[in-house]
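Undergrad: Quick one: this structure, given as structure tokens, is what I'll be asking you about.
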Amino acid sequence: MASYSSRDDKPEISDRDAKEKKSDKKKEEGENDEDDEGGFIDRVKDFIHDIGEKIEGAIGFGKPTADVTAIHIPSINLEKAEIVVDVLIKNPNPVPIPLIDINYLIESDGRKLVSGLIPDAGTIHAHGEETVKVPVHLVYDDIKNTYDDIKPGSIIPYRFKVDLIVDVPVLGRLTLPLEKTGEIPIPYKPDVDVEKIKFQAFSFEETVAVLHVKLENMNDFDLGLNALDYEIWLSEVNIGGAQLSQSANLAKKGVTFIELPITFRPKDFGSALWDMIRGKGTGYTIKGNINVDTPFGAMKLPIVKEGGTTRLRKNKEDGGDDDDEDED
């Protein structure tokens, strides 16, 4: 019988099949490596997140809070208003936090009046609170030149907006937005008129008289008069002035009469004196200031009248008025 070698009993595996199997094995191993790598990164991220939360919870990092506690108007006049906004910031964290920027905006009926940026505004102490003052200047000419419908003497609504930008460990950079509304005036100087001058004691060397002055408040708010200073000219001759403490309420859109004493020397007027004595119109100029209280704070407003005409009258001996029937 024919004999066969033992190696002929085993099937022969080709090189191609071996290579394919080896390639498939490498792919499987590669996929497993990628899965292991991705899973490892995710686990590291989760670990860091968990550690961060535990640190935040253990140390007590949290978001600061802020509030507008007050708005002051320390100075206001015909040209501008100086506004100071108090912002209270509370830091619950165990470390100081920097107040990086303060962005502010004041608008009225959606229209910008003024805006600005205050960089590097300070530091809020650990577990502490700070009142940060935000100074703002409103220049009335800028407002009136931009918006024709905003008139002198009016009161306009405003909205104050501020963004506080802070940097908190763990939490990062945060923006704390705040808003506050209110009203602010656009002041207007009162109209002044010297209606008449009454003699109380007359001589060519020295005459004591009283100026009857009309003040018209053109504003949409009352003015509480508490003091004034003035200087007056009659027939282009300066007859002096005075500073007085006088109280009166100048009602909004109303007229108020006040009396101001004056002493002068008639002989300084020359020939113009006779026209004054005869009751003819006498030219005058008055300039000064009034100190008033308003719902928005104290103001010092100018009073000016140039080229006016007034009358001189002498009181009757019994103290009565001899010219009431002559008044216009």
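Every number here is computed from the coordinates shown, using simple stated rules; none is lab data. Here the structure is a predicted model, which is why all the values come from computation and not from measurement. Reconstructed Cβ throughout: ideal geometry from the backbone, glycine too, with neighbour counts over all protein chains shown.
Undergrad: Pull out the extension gain between LEU174 and VAL68, defined as 0.36 nm times the separation in residues minus the alpha carbon to alpha carbon distance; nm, one decimal.
TA: Using 0.36 nm per residue and subtracting the Cα-Cα distance, I get 36.4 nm.
Undergrad: Any idea what diffusion coefficient segment 114-158 gets from Stokes-Einstein, in µm²/s, Kirkwood Rh on alpha carbon pairs, 4 °C, 1.567 mPa s?
TA: 93
Undergrad: With label points built 7 Å along Cα→Cβ from the Cα atoms of ASP149 and ALA242, find their separation and express it in nm.
TA: Result for the modelled spin labels: 4.7 nm.
Undergrad: May I have the extent of the alpha carbons of segment 78-189 along their three principal axes, as whole Å values ordered from largest to smallest?
TA: Its Cα atoms span 53, 22, 20 Å along the three principal axes.
Undergrad: What are the ³J(HN,Hα) values, in whole Hz, obtained from phi via the Karplus relation 6.51 cos²θ - 1.76 cosθ + 1.60 with θ = phi - 60°, for each residue of segment 154-164 in sequence order, with x given for Gly and Pro?
TA: Along segment 154-164, the couplings run 8, 10, 10, x, 9, 10, 9, 10, 9, 10, 9 Hz.
Undergrad: Okay, next question. How large is Rg/Rh for segment 136-257, to two decimals, with Cα atoms and a Kirkwood Rh? Before the final figure, lay out the partial values.
TA: Working: Rg = 24.0 Å, Rh = 19.1 Å.
We get a ratio of 1.25 for segment 136-257.
Undergrad: Continuing with the same structure: Residues with beta-carbon under 9 Å from that of ASP220, excluding ASP220: net charge, scoring Lys, Arg +1 and Asp, Glu -1?
TA: Its environment carries a net charge of +2.
Undergrad: Tell me the net charge near THR256. Cut-off is 13 Å between Cβ atoms, THR256 excluded, with +1 for each Lys or Arg and -1 for each Asp or Glu.
TA: It works out to a net charge of -3.
Undergrad: Taking 32 Å as the cut-off for C-alpha to C-alpha distance, list the pairs among LYS133/LYS253; LYS252/LYS305; LYS198/LYS253; LYS90/LYS252; LYS161/LYS305 that go past it.
TA: Where the Cα-Cα span goes over 32 Å, the pairs concerned are LYS133/LYS253; LYS90/LYS252; LYS161/LYS305.
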